[in-house]
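One structure is given below, encoded as structure tokens.
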Amino acid sequence: MPPPAPQPNVRVVTLTIDGKDFSARADETVIELCRENKIPIPSLCYMDGLSIWGACRLCLVEVVGQGRLVAACSTRVAEGMNIRTNTERLQRYRRTIVELLFAERNHVCSVCVSNGHCELQWLAQKCGVDHVRVPYRQVRNEVDSSHEMFRLDHNRCILCTRCVRVCDEIEGAHTWDVMGRGSDCRVITDLARPWGESETCTGCGKCVQVCPTGALVKQGTSAGEMVKDQHFLPILARRRHAQ
Amino acid sequence: MSRTITIEPVTRIEGHARITLQLGDQGEVEDARFHLTQFRGFEKFCEGRPYREMPALTARTCGICPVSHVLASNKACDHLLSVTIPPTAEKLRRIMNLAQITQSHALSFFHLSSPDLLLGWDSDPATRNIFGVMRQDPALAKDGIRLRQIGQMIIEILAGKKIHPTWVVPGGVAEALTQEKREAILKLLPEGLEIAKRTYGFFKTLVPKFKDETSHFGTRPTMFMSLVTPKGNLEHYDGFLRIKDAQGRIVEDMVPTVDYQRLVGEAVEDFSYMKFPYYKPMGYPKGVYRVGPLARLNNAEACGTPYADVALAEFHMLQEYGPITSSFHYHYARLVEIIFAIEMMERLLKDPDILDHRVRARARSNRDEGIGVSEAPRGTLMHHYRIDDDGLITWVNLIIATGHNNLAMNQAIRQVADAYVDGNHLQEGMLNRVEAVIRCYDPCLSCASHAFGQMPLLIELKDAAGQVVDRLTRG
């Protein structure tokens with residue numbers, strides 16, 4: 001679902017983040033408040049302009065008084081909340097999550113068209129992932145290069161579903177979806193037909209631009225050449241929700 | 001009784017190998033084999049990948065000569081696109097290739113081989129290395145390090161990084177050359193040329209001291225294959241294939257590189273992961289040929305640059321008639337090529353078109369098979385790909401420069417073993433001469449075998465029954 005349009009009469013709450021006091025609209029999420037105030041919280045599935053998915057778990061934060069960690073993207077602010085965004089435990093968990101993403105599929109940065117422009121790679125650097133401590137699964141995944149303009153490489157997909165959501169919520173085509181369970185989970189076009197044979201794809205390329213890695217890229221790009229432009233999304237999202 | 005002698009430091013070759021010498025009843029050498037024992041599998045695991053990834057993927061074959069793979073791979077991709085790349089892009093690629101040849105030849109001559117030549121075959125192995133050279137002749141060692149640095153710096157200025165650059169792309173290069181970069185490279189070249197000429201002059205005085213090695217280091221007759229320009233001159237990037245026989249007669253000439261399969265067949269042996277390319281019309285294993293600097297200079301009518309042409313004329317005088325057959329003279333040929341590379345880079349950089357912004361042809365794949373051939377420092381490098389309708393790789397064949405020399409290297413080891421090995425016991429000097437003949441070819445075994453591991457060199461002596469009677473290892 002797309003994020004709800006801001007209500008005109010929403011109450012304001014006060015809360016603490018990393019020892020500093022903040023006030024926020026009660027309908028805001030923790031990650032929105034943090035982004036507004038330049039408090040860095042990593043995330044891969046969250047994207048301003050798309051609905052909340054809560055899949056990557058990189059935006060986990062600690063709420064004092066609560067035993068469990070909560071995802072900043074899917075947690076609304078509340079009066080008196082005391083949040084910690086960057087504890088040693090969170091850093092450890094985030095690094096492990098990123099390592100697991102690298103181990104799950106074949107992310108070989110050095111030969112990737114998104115090398116140097118990849119959100120996963122950037123996050124790995126931020127999290128200090130200089131090596132992966134779990135064994136790589138090294139499963140051979142397919143590349144769907146059937147589309148005239150774009151290419152899908154399942155080896156580099158982290159299942160953030162940004163493509164699924166942008167196609168459904170912004171473009172309105174709903175070409176993308178998710179099929180399978182667990183390690184067999186895949187993003188698919190139409191009913192698992194090759195992308196080039198999709199009858200619903202409009203070829204707009206929004207999915208490619210929002211993809212955080214080299215999973216969805218333009219044809220004709222070589223190593224390191226795929227630079228994505230995501231500025232369009234908040235603008236389109238606001239216009240769509242204003243309709 | 002078997003014994004193992006471990007000699008430090010690690011032997012000076014790129015990659016890892018084993019040599020076995022088969023002895024007869026009287027202790028004489030009956031057979032000599034050069035083994036690459038590990039497998040990397042680039043040709044297999046590239047299958048299924050988009051062809052545009054191939055330059056970056058295959059560049060990882062090697063950290064010494066990634067530029068060579070980048071160029072051959074991009075040429076294969078150009079062929080898949082069916083484009084003629086812009087002339088400026090071709091010149092820029094040529095400059096990069098020449099910089100690569102400069103740095104790689106400098107590595108081979110100064111870092112890997114000069115310890116033998118300066119310190120002696122039988123000198124203490126503990127000091128027979130570049131550090132020993134630094135002590136013996138600091139100026140020469142400094143020259144070598146600087147010359148290699150100049151080659152690497154040129155690659156970095158052009159492509160942004162020294163190793164595994166991605167600046168060369170299918171259809172040309174990613175970015176045009178700027179005036180600042182051109183000036184930066186031009187500033188480096190005079191110093192490089194001075195070093196190259198100085199080293200060449202010095203090596204000429206050394207050659208007469210190695211008459212014995214010259215006559216035993218891989219002198220058996222073989223053919224020579226290389227690229228040449230349409231005029232038959234020295235060529236490293238494009239051109240046509242030429243093969244000369246051991247007497248210097250041209251047996252194949254102006255063969256388009258896309259027809260390489262008419263000339264080159266590939267055999268496999270169960271004792272090595274390196275393939276055994278051979279000259280197809282002569283069959284296997286008779287069709288032995290050599291590639292690399294020696295072959296290129298033997299095949300070239302001229303270099304086309306002033307100092308290199310003088311050096312080439314002197315090179316041809318190393319032997320009374322016919323092509324230069326001793327593999328010991330690979331070292332000589334390398335120094336001539338460094339001079340040529342630096343002179344040619346300067347000429348290309350002074351070309352008025354070199355700053356042209358049109359450096360990339362854009363197209364989709366327009367055929368399902370692409371072949372790219374260029375001259376790597378060690379010889380002719382061939383990349384051959386097939387793709388499906390979606391541009392995904394279905395088949396890869398890489399014929400690596402070192403691989404072409406495989407049969408010749410096996411011959412050379414046999415020859416050195418015949419000349420120097422005493423079947424009753426092994427000596428360090430013998431080990432080093434066997435190594436040194438391999439080193440003449442400057443084999444890049446990591447490229448050729450697609451292998452990695454921790455076994456630099458092992459020599460085994462076997463009796464007639466195949467039992468190991470003696471063994472020497474290094475590393």
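For segment A:148-243, GluC sites (Glu not before Pro) meeting the loop criterion (DSSP other than H, G, I, E, B) and having at most 15 other Cβ atoms within 10 Å: A:Glu148, A:Glu199. Computed from backbone phi, the HN-Hα couplings of segment B:148-155 come to 5, 4, 4, x, 5, 5, 5, 4 Hz, rounded to whole numbers (Karplus: 6.51 cos²θ - 1.76 cosθ + 1.60, θ = phi - 60°; Gly and Pro given as x). P(r) for chain A, from all Cα pairs and a bin width of 5 Å, is 1, 6, 13, 17, 18, 16, 13, 9, 5, 2, 0 %, short bins first.
Here segment A:59-105 and segment B:138-171 have alpha carbon centers that stand 45 Å from each other.
Sites count as exposed loop sites when they are chymotrypsin sites (Phe, Trp or Tyr not before Pro), lie in a DSSP loop, and have at most 14 other Cβ atoms within 10 angstrom; the longest stretch of chain B without one is B:40-270.
Cα-Cα pairs above 21 Å in segment A:12-86: how many percent? Mind dumping the intermediate values first?
Details: 458 of 2775 pairs.
Value for segment A:12-86 (Cα pairs over 21 Å): 17 percent.
Round to a whole angstrom and tell me the spacing of the C-alpha centers of segment B:361-438 and segment A:168-243. Comparing the Cα centres of segment B:361-438 and segment A:168-243, I get a distance of 43 Å.
Please go through segment A:59-150 and write out the chymotrypsin sites (Phe, Trp or Tyr not before Pro) that DSSP classes as loop and that have at most 12 other C-beta atoms within 10 Å.
Working: sites: A:Tyr93, A:Phe102, A:Trp122, A:Tyr136, A:Phe150; in loops: A:Tyr136.
Filter output for segment A:59-150: A:Tyr136.
Rg and Dmax of segment B:340-391, based on Cα coordinates, read 16.2, 43 Å.
Set the Förster distance to 41 Å, then compute FRET efficiency between B:Asp368 and B:Phe202 from the Cβ-Cβ distance, nearest 0.05.
Details: r = 51 Å, r/R0 = 1.25.
Here the calculated transfer efficiency is 0.20.
Distant-in-sequence amide contacts of A:Leu60, defined by a placed amide H-H separation under 5 Å and a gap of 5 or more residues or a different chain, comprise A:Ala72. Karplus-derived 3J(HN,Hα) values for segment A:193-205, using 6.51 cos²θ - 1.76 cosθ + 1.60 with θ = phi - 60°, are 8, x, 4, x, 9, 5, 8, 9, 5, 8, x, 6, x Hz; glycine and proline are entered as x.
Distances between placed amide hydrogens fall under 5 Å for A:Asn82 paired with A:Thr16, A:Val64, all partners being 5 or more residues away or on another chain. Here the ratio of the Cα radius of gyration of segment A:80-123 to 2.2 N^0.38 Å is 1.52. What aspartates and glutamates sit close enough to B:Lys275 to cross-link, taking a C-alpha to C-alpha distance under 14 Å and skipping anything fewer than 8 places away on the same chain? Cα-Cα hits under 14 Å: B:Glu43, B:Glu266. Within the straight-line cut-off of under 13 Å between alpha carbons, the aspartates and glutamates reachable from A:Lys38 are A:Asp18, sequence neighbours fewer than 8 places apart in one chain being disregarded. With 23 Å as the limit on Cα-Cα distance, the pairs of B:Lys162/B:Lys187; B:Lys161/B:Lys181; B:Lys162/B:Lys231; B:Lys91/B:Lys187; A:Lys206/B:Lys161 that go past it are B:Lys162/B:Lys231; A:Lys206/B:Lys161.
In loop segments of segment A:1-105 as defined by DSSP, the trypsin sites (Lys or Arg not before Pro) with at most 11 further C-beta atoms inside 10 Å of their C-beta are A:Arg11, A:Lys38, A:Arg68. Not counting the cut sites, what is the longest span of chain B without GluC sites (Glu not before Pro) that DSSP labels loop and that have at most 16 other Cβ atoms within 10 Å? Maximal segment without exposed cleavage sites: B:321-475.
Within 10 Å of each Cβ in A:103-113, how many Cβ atoms from other chains are there, averaged over the peptide?
Working: counts 0, 0, 0, 1, 0, 5, 0, 6, 13, 2, 5.
Mean partner-chain Cβ count within 10 Å for A:103-113: 3.
Setting aside same-chain residues fewer than 8 positions from B:Lys211, which lysines have a Cα under 26 Å from its Cα? Here the lysines satisfying the reach criterion relative to B:Lys211 are B:Lys197, B:Lys244. With the charge dipole of chain B set up from +1 on Lys and Arg Cβ and -1 on Asp and Glu Cβ about the Cα centre, the Cα lying farthest toward the positive end among the listed residues B:Leu147, B:Val83, B:Gly24 is that of B:Val83.
May I ask what percent, to the nearest 5, of DSSP beta bridges between residues of segment A:12-86 are antiparallel?
85 percent
Computed over the alpha-carbon pairs of chain B, the distance histogram in 20 Å steps reads 25, 59, 16, 0 percent, short to long.
Farthest towards the positive end of the charge dipole of the protein assembly as shown, among the residues A:Ile235, B:Gln103, B:Leu118, is the Cα of A:Ile235, using unit charges on the Cβ of Lys, Arg, Asp and Glu. Which residue, chosen from A:Ser146, B:Met317, A:Thr75, occupies the Cα position most advanced towards the positive end of the dipole of the protein assembly as shown, where the dipole is computed from +1 (Lys, Arg) and -1 (Asp, Glu) charges on Cβ about the Cα centre? Value: A:Thr75.
Write down Rg/Rh for segment A:104-227, rounded to two decimals, with Rg from the C-alpha atoms and Rh from the Kirkwood relation over Cα pairs.
Numbers: Rg = 14.3 Å, Rh = 14.9 Å.
Rounded to two decimals, Rg/Rh equals 0.96.
Every pair of different Cα atoms in the protein assembly as shown enters the Kirkwood calculation, which places the hydrodynamic radius at 28.5 Å. Each residue of segment B:232-246 is assigned a 3J(HN,Hα), and the resulting list reads x, 8, 4, 9, 10, 10, 9, x, 10, 7, 10, 10, 10, 8, 5 Hz, derived from the Karplus form 6.51 cos²θ - 1.76 cosθ + 1.60 (θ = phi - 60°), x at Gly and Pro. Annotation: amide H-H contacts under 5 Å for B:Ala376 (H modelled 1.01 Å from N, sequence separation of 5 or more, or interchain): B:Leu381. Rounded to the nearest 20 debye, the dipole size of segment B:16-160 about its Cα centre is 820 debye, using +1 on the Cβ of Lys and Arg and -1 on the Cβ of Asp and Glu. As a proxy for reagent exposure, ranking B:Met282, A:Met81 by other Cβ atoms within 10 Å from fewest up yields B:Met282, A:Met81.
Summing Cβ point charges (Lys, Arg +1; Asp, Glu -1) relative to the Cα centre of the protein assembly as shown gives a dipole of roughly 1460 debye.
Note that segment A:1-138 shows a convex hull volume over its alpha carbon atoms of 131 Å³ per residue.
No value in this document is a laboratory result; all are computed from the given coordinates. Worth saying up front: this structure is predicted, and the values here are computed from it rather than measured. Note: ideal-geometry Cβ built from the backbone for every residue, glycine included; neighbour counts use all protein chains shown.
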